[in-house]
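Visitor: Sending over a structure as C-alpha cells; questions will come in a sec.
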Amino acid sequence: MKPTKGEQLFYFLNESILLLAALSCLFPLLHVIALAFSDFDAVMSGLVTLWPRGWSTEAFRLLLEGGRVPRALLNNVIITVVGLVLSLVFTTAAAYPLARKRFYARRFFTLAFVFTMLFNGGLIPTYLVVNSLDLLNSYWALWLPGLISTFNMLIIRTFFLSLPDELFDSAEIDGCGELRTLFHIVLPLSIPVFATIALFYGVGYWNNFVSVLIYINKTEMQNLTLLVQQMIQSQSILEGLNNAPDAGQTPMTPESIRAAGILVLVAPMLVVYPFLQKYFVKGVMIGSIKG
Amino acid sequence: MHALRATRSWARFKRNIPLLAMFIPVVAFYLIFRYAPMFGYIIAFKQYTFANGVFGSPWVGLKWFELIVNDPFTLKIIWNTFFLSLLNIVVGFPFPILIALMLNEVRNMLFKKSVQTLVYLPHFFSWVIIGGIFITLFSQESGIVNKIITLFRDEPVPFLYQANTWISIYVGSGIWKEAGFSAIIYLAALTSIDPTLYEAASVDGAGKFRKIWHITLPGIRPTIFLLLILSMGNIMEVGFDHVYVLQNNVVYSSSEVLSTYIYKIGLLGAQFSRSTALGLFEALVGFILVVTANRVARRFNQSLW
C-alpha cells in the first residue's frame, strides 16, 4: 500500500524528531571528544564545537603522567573484574537452589530476599556493619555489601524456572548430581541471560563511585570514576595536574583535561557497548516478565 | 511407613547437600549485609558513639525524630526530596513512551537500529560522566551553551548557580540518561499488539494518529499504569549520585536531598544517630509508598508480587 501525502508527512516528521533525539545523545559526546583533543588557544577562544581544533593530545599526556590516573584506571579494572566474577558466582548460588523444587523453604527465602529490595538498612547502618567487620580501605567493602543484587538474582531464577522439568529429570536419571546438572546442563543453556546480568554487574562496578567515596580513603586505592568526579567538582586537582614542572610545556585548559578524564573513563564502555547491545535488550525483556 | 518417609527425606537431604553448601554463603550475605543493617536502625533511638558501640550506647527515645520535625532546614530537605522526585516523574515519565511510539512507526530498520543504539547509550554512563558532560556544556565561563547565548545577549546565564535552572538541568540530565533505555520496556509491550487491528483500522479509513490513539496507546496502557504506579512508590528515592555530581554550594539549599544530607551529616559529620533517624524515616516512607503503590497496581491486575 502506497502511503498517502499525510502519512508521508507523518513519517518525515517522526523520523526528524527521532533524528534530533539521537543527535542530542551524540553531540555532547562529540563535544567532549573535541575539547579533549583541541589545543589551549582553541579551547580558550571558545571555537571548539563538534570537532577538534588545533589538534593536541597534550591533555591526555598531562592526565596520564604522574601515574595517578593509570593507577586509578587499573583499580577500576580490578574492582570490576573481581566484583563481576564474585557477583555472578554468588547470584547463581542464590538463584539455583531457589529454582529447584526439591530445595527447602524456597518461598520463605525468596520472600525474605525480596523484602530487602523494599526495605533496607540504609547508608549509616550498613557503614557501621562494614566498619565492624574491619573492611574499610579494602576492596571487600566494595564487593561484599553489593555481592548479590536481588533484582538480578530474580531474573536468573525466573530463567532457571522456565527450563523444562524434563531436562532436570533426565539429567537425574542419567546420574547427574545437582552440581553436575548445574554446570553441564543448566549453565550452558543460560549463556544469554548470564551475559545480560554480567553486563549489569560490570557496568555497575565500573561506574560506582559512591562506595569508593564512602569506604576507601586511601587515594592510591581509589578508582578512576571517583577521581574524575573529583576533577569535575574541584579545580584544584586539575591545576595540580596542570602544574607539572615541565619546562617549555604548553599549558592546557582545565576543560580539556576534564574532557580527557571523562573520555578515559567512558572509552571502555564505548568499546564493549556495540557487542553487548543484543544482550541487554533481551535482558530487559526477561526482567520485565514478573517472576 | 515412618521408615519409608525417613529414608525419603534422607535421600532428599543427600541430594540437597550441594545446594545447601552453595546456599549457606548466600544466607550469610543476606543476614550480614541486608538484615543486620536493618537491626542497626536501633541507633536512631540511641546516643550512638563509636566507643560505646550499638549495644552500649544509651537510649534517648525519640529525641532525634523531634529534632528532625523541629528543624526547618531538615524539613526543607525532606520537601526538596519530594519535589525533585515528583518533578522527575511528572516531566520525565512521558519521554520513554513517546520514544517507543515514535520508534514503532519507523519503517527503515537501519535507521531504527541506529537511533536505538544512540539513545540507549547514556544509560550505561556513570552519573560522574553525566555530571561531567552537563557541567562542561552549561558552565558559566566556558560552556558551549553560554558561548552560544553570549552571541545573542551580553550576559551568560549561570545555569548551575540558580535554583530554577539547576533544577531544570537536574531533571533534564535524568531524562537524557534514562529516557531512551526506559523505552525498551514499552517497545516490548508494543510487540504484543495484534497487527490485524491496524489492518482493520486502515480498512475503516483511520489515519496514523487515530490508530496510535485508539490501538497503540490502549495496547500499552497496562504497562504505562504499572510503571507510573511503581515510580510513585519510589518517590522517596532521589538517587545520591545524580544530585551529588551536579551539586554546588550556591544552590545547596534547593538541591540538598535526604540521601546527600545523610552522607554529609552522618559520615562526614559523624552524627550517626541523627542521620540514621533520617535514614529510617526515608526507608519507612519509601516502604509504605511501595506497598501502597503495589496495592493500587493489584487493583488493575498488575502487581509486582
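Visitor: Restricting attention to segment B:49-144, which GluC sites (Glu not before Pro) occupy a DSSP loop and are surrounded by at most 14 other Cβ atoms within 10 Å?
Guide: Hits after loop and neighbour filter: B:GLU141.
Visitor: If you don't mind, another one. Determine the residues within segment A:21-48 where the difference in accessible area between the chain on its own and the full set of protein chains amounts to at least 10 Å²; count protein heavy atoms only and use a 1.4 Å probe.
Guide: Buried on complex formation: A:ALA21, A:ALA22, A:SER24, A:CYS25, A:LEU26, A:PRO28, A:LEU29, A:HIS31, A:VAL32, A:LEU35, A:GLY46.
Visitor: Might you tell me the accessible area per residue for chain B, computed with a 1.4 Å probe and given in Å²?
Guide: The answer is 49 Å² per residue.
Visitor: Same structure, new question: Tell me which trypsin sites (Lys or Arg not before Pro) from segment B:87-188 have a DSSP coil assignment and no more than 12 other beta carbons within 10 Å of their own.
Guide: Loop-located and lightly packed - B:ARG107, B:ARG153.
Visitor: When the gyration tensor of chain B is built from Cα positions, what are the square roots of 5 times its three eigenvalues, in whole Å, from largest to smallest?
Guide: Working through the eigenvalues yields semi-axes of 40, 37, 19 Å.
Visitor: Just need the Rg to Rh number for segment B:2-56, please, alpha carbons only, Kirkwood Rh.
Guide: Expressed as Rg/Rh, it is 1.36.
Visitor: Another question, if that's okay. Name the most mobile residue of A:ASN152, A:ASN217, A:ASN75, meaning the one with the largest mean-square fluctuation, in a Gaussian network model of chain A with Cα contacts below 10 Å.
Guide: Ranking A:ASN152, A:ASN217, A:ASN75 by mean-square fluctuation puts A:ASN217 first.
Visitor: With a cut-off of at most 12 other beta carbons within 10 Å, and DSSP calling the residue loop, which chymotrypsin sites (Phe, Trp or Tyr not before Pro) in segment B:9-62 qualify? Please list them.
Guide: In loop regions of segment B:9-62 (DSSP not H, G, I, E or B), the sparsely surrounded chymotrypsin sites (Phe, Trp or Tyr not before Pro) are B:PHE50.
Visitor: Just the number, please: carbon plus sulfur as a percent of the accessible area of the protein assembly as shown, 1.4 Å probe, no ligands or DNA/RNA counted.
Guide: 68
Visitor: Once B and A are treated as a pair rather than alone, how much accessible area drops out, both sides summed, in Å² to 100, probe 1.4 Å?
Guide: For chain B against chain A, roughly 8200 Å² becomes buried.
Visitor: Right, here's the next one. Put +1 on the Cβ of each Lys and Arg and -1 on the Cβ of each Asp and Glu in segment B:71-299; which of B:SER273, B:THR223, B:ASN88 then has its Cα farthest toward the positive end of the dipole?
Guide: Result: B:THR223, furthest along the dipole toward the positive end.
Visitor: Taking the Cβ of A:GLU15 as the center, what net charge do the other residues with Cβ under 14 Å away carry, scoring Lys and Arg +1 and Asp and Glu -1?
Guide: In short, +2.
Visitor: Here is a follow-up. Given q = 0.11, 0.12, 0.13 Å⁻¹, what are the Debye log10 I(q)/I(0) values for segment A:58-291, with equal point scatterers placed on the Cα positions and solvent ignored?
Guide: For segment A:58-291, the Cα-only Debye profile gives -0.70, -0.80, -0.89.
Visitor: Ok, one more. So what's the protein assembly as shown giving for Rg/Rh, alpha carbon basis, Kirkwood Rh from the mean inverse pair distance?
Guide: On the way: Rg = 26.5 Å, Rh = 26.8 Å.
With Rh from the inverse mean 1/r over Cα pairs, Rg/Rh is 0.99.
Visitor: Related question: Whole percent per 5 Å bin, from 0 to the bin with the longest distance: what is P(r) over all C-alpha pairs of segment A:1-56?
Guide: 4, 19, 16, 12, 10, 9, 8, 7, 7, 5, 2, 0
Visitor: Can you put A:ARG107, A:ARG68 in order of accessible area, largest first, using a 1.4 Å probe? Kindly include the intermediate steps, with their values, before the conclusion.
Guide: Numbers: A:ARG107 180, A:ARG68 100 Å².
Sorted by accessible area, descending: A:ARG107, A:ARG68.
Visitor: Over every pair of different alpha-carbon atoms in segment A:36-174, take the mean of 1/r and invert it; report that Kirkwood radius in Å.
Guide: About 19.8 Å, per the Kirkwood formula over Cα pairs.
Visitor: Can you give me the relative contact order of segment B:71-299 as a percent, contacts being Cα pairs under 8 Å and 6 or more apart?
Guide: 28
The values are calculated or read from the model by the stated rules, or taken from the named source; none is laboratory data. In this text, all values refer to a predicted model and were calculated from it rather than measured experimentally. Here the Cβ is made from the backbone with ideal geometry for all residues, glycine too, and neighbour counts use every protein chain on show. In case anyone asks, the SASA skips ligands and DNA or RNA and just uses the protein heavy atoms, side chains included. Shrake-Rupley method; radii C 1.70, N 1.55, O 1.52, S 1.80 Å.
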